[in-house]
Amino acid sequence: MFKLALRNVFRQKTHTLMTLVAIIAGVVSIILAGGWVQDIYVQLGEALIHSQSGHLQVYRQGYYEAGSRSPEKYLMETPDLIKQRIAKEAEVEQVMARLNFSGLLNNGRSDLPIIGEGVEPGLESELGSLVMLTAGRQLTDSDAFGILLGKGVAQALQLKPGDPVTLLANTLDGALNSLDFEVIGIFQSYSNDFDARAVRIPLPAAQELLGTTGVNALVVSLQHTEATEQVAFRLAQRLEAFGLEVKTWMELNDFYEKTVELYKGQFGVLQWIILVMVILSVANSVNMSIFERVGEFGTMMALGNRSSQVFLLILYENFLLGLIGGGLGVGLGIFLATTISAIGIPMPPPPNADLGYVARIQVVPSVILLALSIGFIATVIAALLPARHVARIPVVDALRQNL
């Protein structure tokens with residue numbers, strides 16, 4: 001029966017081709033759509049990691065919930081010792097300290113409220129590979145009183161590289177302190193809101209401004225983003241005894257999780273639409289093929305084959321069509337995904353951003369398996385009702401179709 005089904009598939013060339021085109025189109029559509037959505041996840045995640053948060057951040061326990069109200073209670077006074085312990089962990093590439101603060105930036109004419117970060121310039125420039133400089137240059141370790149401004153901050157105060165500015169902030173004891181800086185560069189990240197408020201200065205200058213030797217956070221950069229959860233789990237166990245907590249980049253960026261949930265819902269709806277389209281397209285081809293062959297099936301039953309055997313023959317044929325079409329669709333989908341990725345798809349800036357990006361199609365094994373399954377299942381489902389109907393046609397009525 002299986003050999004007969006295989007012969008029938010290649011004998012009915014026109015109908016086989018129509019059915020295969022429908023299956024291949026559905027499989028390719030799922031692979032390309034799923035790969036494109038996955039690329040959004042990857043590119044957004046890497047933008048967040050390499051512009052702001054790093055892969056992991058380590059805080060004193062309680063800082064993430066209440067540190068903004070009482071930062072002096074959550075400082076790490078001996079960060080170097082903790083950095084050494086973290087750096088020994090597998091997959092850890094770099095560990096850098098940050099001191100967060102808020103204050104006023106003055107250009108000699110007006111003030112602007114800002115959020116600031118005291119950073120280690122050399123390490124931060126390596127982490128921030130997706131932060132684009134629109135003017136000037138990156139901070140270096142030799143820029144004792146240099147400052148990087150977000151694009152929105154520079155526009156609001158009409159500042160450019162080389163201009164002097166004054167930064168005012170409250171020390172941890174509550175006193176007002178100020179330091180003079182020179183604008184070194186102006187940066188633009190993925191977020192307009194961040195660029196409209198953010199400045200970065202060297203860590204020693206931030207410690208002098210706030211009157212402390214501690215830091216708020218240790219930012220951890222990993223060799224591979226996929227290892228984030230495993231490394232976070234191991235570090236949390238090792239650092240708990242020091243009163244420290246570990247947050248992953250996904251926990252620090254609520255926007256990312258909401259975006260992923262949104263696109264997952266949209267892609268789920270798209271999968272159902274494609275499934276229905278494939279079933280309808282394949283059902284149309286299968287119906288045409290089956291009902292044109294009613295006389296052939298009548299002859300089989302007249303020669304002693306049971307109706308159940310006719311039913312199985314039709315299912316075997318569509319089983320083979322599903323496998324062949326799914327396999328060809330997967331091959332074509334991977335080829336198109338690779339070709340499109342090599343060329344790239346220029347995309348406009350996402351919401352709340354000014355920077356566009358080049359989209360690609362990720363080749364995701366789970367999406368490929370899903371596409372193959374949908375193509376195969378849709379083909380078999382589409383054949384059930386026609387096969388059942390033909391198998392129940394009386395032999396005499398079926399034989400009349402040969403006349």
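Some points to look at:
- A single entry from S308, S285, S289 fulfils the requirement of being modelled with pLDDT under 85, small (G, A, S) and surrounded by fewer than 18 Cβ atoms within 10 Å (Cβ to Cβ): S308.
- Of all residue pairs spaced 6 or more apart or on separate chains, those with beta-carbon atoms under 7 Å, a first member in the range 232-246 that is farther than 11 Å from I82 by Cβ and a second member that is surrounded by fewer than 14 Cβ atoms within 10 Å (Cβ to Cβ) and not aliphatic (A, V, I, L, M) are E245/Q61.
- Cβ-Cβ under 8 Å pairs, at least 6 apart or on other chains, the range 299-315 side hydrophobic (A, V, I, L, M, F, W, C), far side not in a helix (DSSP H, G or I): L312/M1; L313/M1
- Residues in the range 1-43 that are among the polar types (S, T, N, Q) and not in a helix (DSSP H, G or I): Q12 alone.
- Number of positions in the range 115-150 that are more than 30 Å from the chain's Cα centre (by Cα) and closer than 21 Å to Q207 by Cβ: 8
- Hits in the range 177-203 (condition: open to solvent by 10 Å² or more (accessible area, probe 1.4 Å), in a helix (DSSP H, G or I) and in contact with a strand residue (DSSP E or B) (Cβ under 8 Å, 6 or more places away or on another chain)): F194, L203
- Close Cβ contacts (under 7 Å, 6 or more residues apart or on different chains) running from residues in the range 248-260 that are under 18 Å from Y63 (Cβ atoms) and at pLDDT below 85 to residues that are surrounded by 15 or more Cβ atoms within 10 Å (Cβ to Cβ) and hydroxyl-bearing (S, T, Y) comprise N253/S53.
- V220, sole failed condition from (1) β-branched (V, I, T); (2) more than 25 Å from the chain's Cα centre (by Cα); (3) within 27 Å of G62 (Cα to Cα): (2)
- Among all positions in the range 28-48, there is at least one residue which is more than 30 Å from F311 (Cβ to Cβ), charged (D, E, K, R) and open to solvent by less than 20 Å² (accessible area, probe 1.4 Å).
- Reported count of residues in the range 151-169, each being touching a helix residue (DSSP H, G or I) at 6+ places or on another chain (Cβ under 8 Å) and under 25 Å from G211 (Cβ atoms), is 4.
- For the range 356-366, the criterion of being more than 19 Å from the chain's Cα centre (by Cα) and either over 26 Å from V28 (Cα atoms) or of a type outside the set (K, R) (or both) is satisfied by no residue at all.
- Tally, over the range 209-220, of residues that are open to solvent by 30 Å² or more (accessible area, probe 1.4 Å) and touching a residue at least 60 places away in the same chain (Cβ under 8 Å): 1
- Flag if G174 is within 15 Å of F101 (Cα to Cα), of a type outside the set (S, T, Y) and open to solvent by 50 Å² or more (accessible area, probe 1.4 Å): yes
- Cβ separations smaller than 7 Å between residues 6+ apart or across chains give the following pairs from the range 89-114 residues that are at positive phi to residues that are surrounded by fewer than 14 Cβ atoms within 10 Å (Cβ to Cβ): E91/Q223; E91/H224.
- Complete set of residues in the range 141-155 that are in contact with a strand residue (DSSP E or B) (Cβ under 8 Å, 6 or more places away or on another chain) and in a loop (DSSP other than H, G, I, E, B): D141, D143, A144, F145
- Filtered by the rule that a residue be of a type outside the set (F, W, Y), touching a residue at least 60 places away in the same chain (Cβ under 8 Å) and farther than 18 Å from G322 by Cα, the range 267-291 gives a lone residue, L270.
- Selection count, the range 89-126, where residues are of a type in the set (D, E, K, R), open to solvent by 60 Å² or more (accessible area, probe 1.4 Å) and under 24 Å from T213 (Cβ atoms): 0
- Conditions (1) crowded, with 16+ Cβ neighbours inside 10 Å; (2) part of a helix (DSSP H, G or I); number of the one not met by A342: (1)
- Taking the criterion of being crowded, with 17+ Cβ neighbours inside 10 Å and in a helix (DSSP H, G or I), the residues of the range 221-251 that qualify are T228, V231, A232, L235, L239, W249, M250.
The values are calculated or read from the model by the stated rules, or taken from the named source; none is laboratory data. The structure displayed is predicted, hence computed values, not measured ones. Every residue, glycine as well, gets a Cβ built from its backbone with ideal geometry; the counts of neighbours run over all protein chains shown. All accessible areas refer to the heavy atoms of the entire protein, side chains included, with ligands and DNA or RNA removed. Shrake-Rupley method; radii C 1.70, N 1.55, O 1.52, S 1.80 Å.
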